[in-house]
Amino acid sequence: MKPKTFLVDNTSVRGWQCTKCKNIDYSDDIEKVLTMKKLKKHPMTIKVRELGDSEVIAIPKEVQHAFAVKKGERLFMYVEGKKLIVTKKSEF
């Protein structure tokens, strides 16, 4: 097996390709691509909940794992048109 980077849905994914049979084994990077693809086809519905005096939204485990979101990590939220966007990095 030879380490290689593949382009899957315009995203770089690490993996290994067999030099003989050309079989590909992807690393865990593929989880992010598959989750993004799933969310594009079927957006998740999440519920706003109350926590003390605040309203909160929960990030589903599948999304936490795919995007490596950790407890206590700061995320960024902004409005784009009528969309509320949550991202891991500041885009300002």
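A compact table of results
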{"item": "Selected residue (only one of 59, 85 is surrounded by 10 or more Cβ atoms within 10 Å (Cβ to Cβ) and either assigned to a loop (DSSP other than H, G, I, E, B) or among the small types (Gly, Ala, Ser) (or both))", "result": "59"}
{"item": "All positions within the stretch 8-52 that are surrounded by fewer than 10 Cβ atoms within 10 Å (Cβ to Cβ), out of contact with any strand residue (DSSP E or B) (no Cβ under 9 Å at 6 or more places or on another chain) and within 26 Å of residue 84 (Cα to Cα)", "result": "10, 40, 41, 42, 43, 45, 51, 52"}
{"item": "Residue satisfying all of: in the stretch 4-25; hydroxyl-bearing (Ser, Thr, Tyr) and within 18 Å of residue 36 (Cα to Cα); modelled with the highest pLDDT among these", "result": "12"}
{"item": "Lone unmet requirement of (1) over 23 Å from residue 5 (Cα atoms); (2) assigned to a loop (DSSP other than H, G, I, E, B) for residue 68", "result": "(1)"}
{"item": "Qualifying positions in the stretch 1-50 - touching a residue at least 24 places away in the same chain (Cβ under 8 Å), of a type in the set (Asp, Glu) and more than 15 Å from residue 63 (Cα to Cα)", "result": "9, 25"}
{"item": "Any hit, the stretch 50-63, residues being within 24 Å of residue 6 (Cα to Cα) and of a type in the set (S, T, N, Q)", "result": "no"}
{"item": "Contacts under 8 angstrom Cβ, first residue in the stretch 65-77 being more than 20 Å from residue 33 (Cβ to Cβ), partner among the β-branched types (Val, Ile, Thr) and surrounded by 11 or more Cβ atoms within 10 Å (Cβ to Cβ), 6 or more apart", "result": "75/69; 75/86; 75/87; 76/86; 76/87; 77/85; 77/86; 77/87"}
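The values are calculated or read from the model by the stated rules, or taken from the named source; none is laboratory data. Keep in mind that this is a model prediction, so the values were computed, not measured. Cβ atoms come from the backbone with ideal geometry, glycine included; neighbour counts cover every protein chain shown.
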